[in-house]
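A short worksheet on the structure shown next.
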Amino acid sequence: MLHILLTFDYELFFNESYCSEKEILIDSTEVIRKALDKEEIKATFFVDTPCVYRYKEIGQDLFPTMVEQQVNELLDDKHDIQLHLHPSWFKAQYEGEKWKFEQNDYSLDKHDNPVELIKKAKYTLDSLAGSNSNYNCCAYRAGGFCLSPEEEILNTLYRLGIVFDSSVCCGVKMESVAQTYDWTGIRRRGQWCFNPLEGVRSIGSNSCVMIEIPVGTFAQIPQKWSLTHGHPKLNYPPFKGKASPVEEIRKRNKIERIKDRLVASFTTPVLFSMDSLHFNALYKIAQDYMTVSQKENREIYICAIAHPKFSSNESVENMLQFIKKVRNHQKNGIDFITFSDAYNRLDIIRQ
């Protein structure tokens, strides 16, 4: 059986915004919620709490109040709320009604006190959920997949009762001033158990007490090219904000950039992303994981990822078409679950 976790990184832009926080995040999430509820599908929303913390800290309470209300509406509706963390918010400055971010603050390894920042983010999420009985914070996703300093982060999460990580996208690599991670050495198909003191790669350790449920990837060539070029492109309206800047650590000349792009076209997998892939491409990736599940006779848990800030009516309809296609063709082989569901199903985390 393949278990797909539909996950949404609930966050604002880390650059210039063209719309209000309500339009960017609250309204977009509400459209997604209503669409999922219509299909009786529950999803996981990874809430980036440092932004809520900073808004409160400078006395801008309207946005945190809206987030608190929406978080509880999602929980009341049996959707899942989990922890997301972009530490750049902790040092962001509010100037002239705009937030200013430094790329060097993007990952936790650029901060002096990563443990305290994780605790602060977790406690902020706890306060948003309040006493909601449907809240069970058991999972974490690092902002931008930047899980560094890895062992320190994972050990802190485990001490806070968080037993799932979802920061890995197998086979993918990024190296920039803001984001640096390298998951090219991991080729796992589905979840695995690991020791937080040794990192996510510590598969097979005698003390594996955390579980990685990664964001899905597809690396087979030439099929992966058909996923991105063999289907109609999604018709999106303009984004509600500007994407985060990507500044190279080492400046490359034009020939080097062309060479790197060519190499990446053969080596970089396609992400299981509802933000960009046509529903037929999403279905192909799901089929691939299901085939592995059947061949190896094991249950596989994998995440699909999206961002409300990038969503539109077109992308939401595309997501629904993916869900309907899975249900029509793979009803007995694939289901959609949340991290809280996974917590109740995977016995290893209660040993």
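Residue 147 fulfils the conditions (1) assigned to a loop (DSSP other than H, G, I, E, B); (2) within 30 Å of residue 14 (Cα to Cα); (3) in contact with a strand residue (DSSP E or B) (Cβ under 6 Å, 6 or more places away or on another chain); (4) hydrophobic (A, V, I, L, M, F, W, C) except for a single criterion, (3).
Filtering region 132-150 to residues that are within 16 Å of residue 71 (Cβ to Cβ) and surrounded by fewer than 24 Cβ atoms within 10 Å (Cβ to Cβ) leaves 132, 133, 134, 135, 136, 137, 138.
Return the residues of region 77-99 that are surrounded by fewer than 13 Cβ atoms within 10 Å (Cβ to Cβ) and within 27 Å of residue 153 (Cβ to Cβ); say none if nothing qualifies. Selection gives 93 alone.
Summed over region 27-58, residues that are free of Cβ contacts under 8 Å to residues at least 40 places away in the same chain, in a loop (DSSP other than H, G, I, E, B) and under 21 Å from residue 85 (Cα atoms) total 1. Being over 30 Å from residue 16 (Cβ atoms) and modelled with pLDDT of 80 or more is the requirement here; does residue 280 meet it? The answer is yes for residue 280. Of all residues in region 183-204, none are of a type in the set (Val, Ile, Thr), surrounded by fewer than 22 Cβ atoms within 10 Å (Cβ to Cβ) and within 23 Å of residue 10 (Cα to Cα).
A quick yes/no check of all residues on (1) outside any helix (DSSP H, G or I); (2) at pLDDT 90 or above; (3) within 23 Å of residue 304 (Cβ to Cβ); (4) not charged (D, E, K, R):
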| site | (1), (2), (3), (4) |
| --- | --- |
| 162 | yes, yes, yes, yes |
| 168 | yes, yes, yes, yes |
| 178 | yes, no, no, yes |
| 196 | yes, yes, no, yes |
| 199 | yes, yes, no, yes |
| 205 | yes, no, no, yes |
| 225 | no, no, yes, yes |
| 231 | yes, no, yes, yes |
| 234 | yes, no, yes, yes |
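Selection of region 3-16 for residues being surrounded by fewer than 24 Cβ atoms within 10 Å (Cβ to Cβ) and of a type outside the set (D, E, K, R) yields 3, 12, 13, 15.
Note on region 205-222: among residues that are surrounded by fewer than 15 Cβ atoms within 10 Å (Cβ to Cβ) and not hydroxyl-bearing (Ser, Thr, Tyr), the one that is farthest from residue 103 (Cα to Cα) is 206. Look at region 108-136: where a residue is at pLDDT below 95 and a partner is among the small types (Gly, Ala, Ser), sitting 6+ places away or on another chain with Cβ atoms under 7 Å, you get 109/148. Annotation: of all residues in region 96-107 being in contact with a Pro (Cβ under 9 Å, 6 or more places away or on another chain) and in a helix (DSSP H, G or I), the one that is modelled with the lowest pLDDT is 103.
The requirement of being acidic (Asp, Glu), assigned to a helix (DSSP H, G or I) and either at pLDDT 95 or above or touching a strand residue (DSSP E or B) at 6+ places or on another chain (Cβ under 9 Å) (or both) is fulfilled nowhere in region 320-335; no residue meets it. None of 74, 108 is more than 16 Å from the chain's Cα centre (by Cα), surrounded by 21 or more Cβ atoms within 10 Å (Cβ to Cβ), within 18 Å of residue 135 (Cβ to Cβ) and hydrophobic (A, V, I, L, M, F, W, C) except 74.
Among the residues making up region 81-95, those that are part of a helix (DSSP H, G or I), of a type outside the set (Ser, Thr, Tyr) and out of contact with any strand residue (DSSP E or B) (no Cβ under 8 Å at 6 or more places or on another chain) are 90, 91. Would you say residue 302 is at pLDDT 95 or above, outside any helix (DSSP H, G or I) and under 27 Å from residue 174 (Cα atoms)? So residue 302 fits the description; yes.
If you filter region 290-347 down to residues that are of a type in the set (S, T, N, Q) and without any contact (Cβ under 8 Å) to a residue 12 or more places away in the chain, you find that the one that is nearest to residue 36 (Cα to Cα) is 328.
The values are calculated or read from the model by the stated rules, or taken from the named source; none is laboratory data. Worth saying up front: this structure is predicted, and the values here are computed from it rather than measured. Note: ideal-geometry Cβ built from the backbone for every residue, glycine included; neighbour counts use all protein chains shown.
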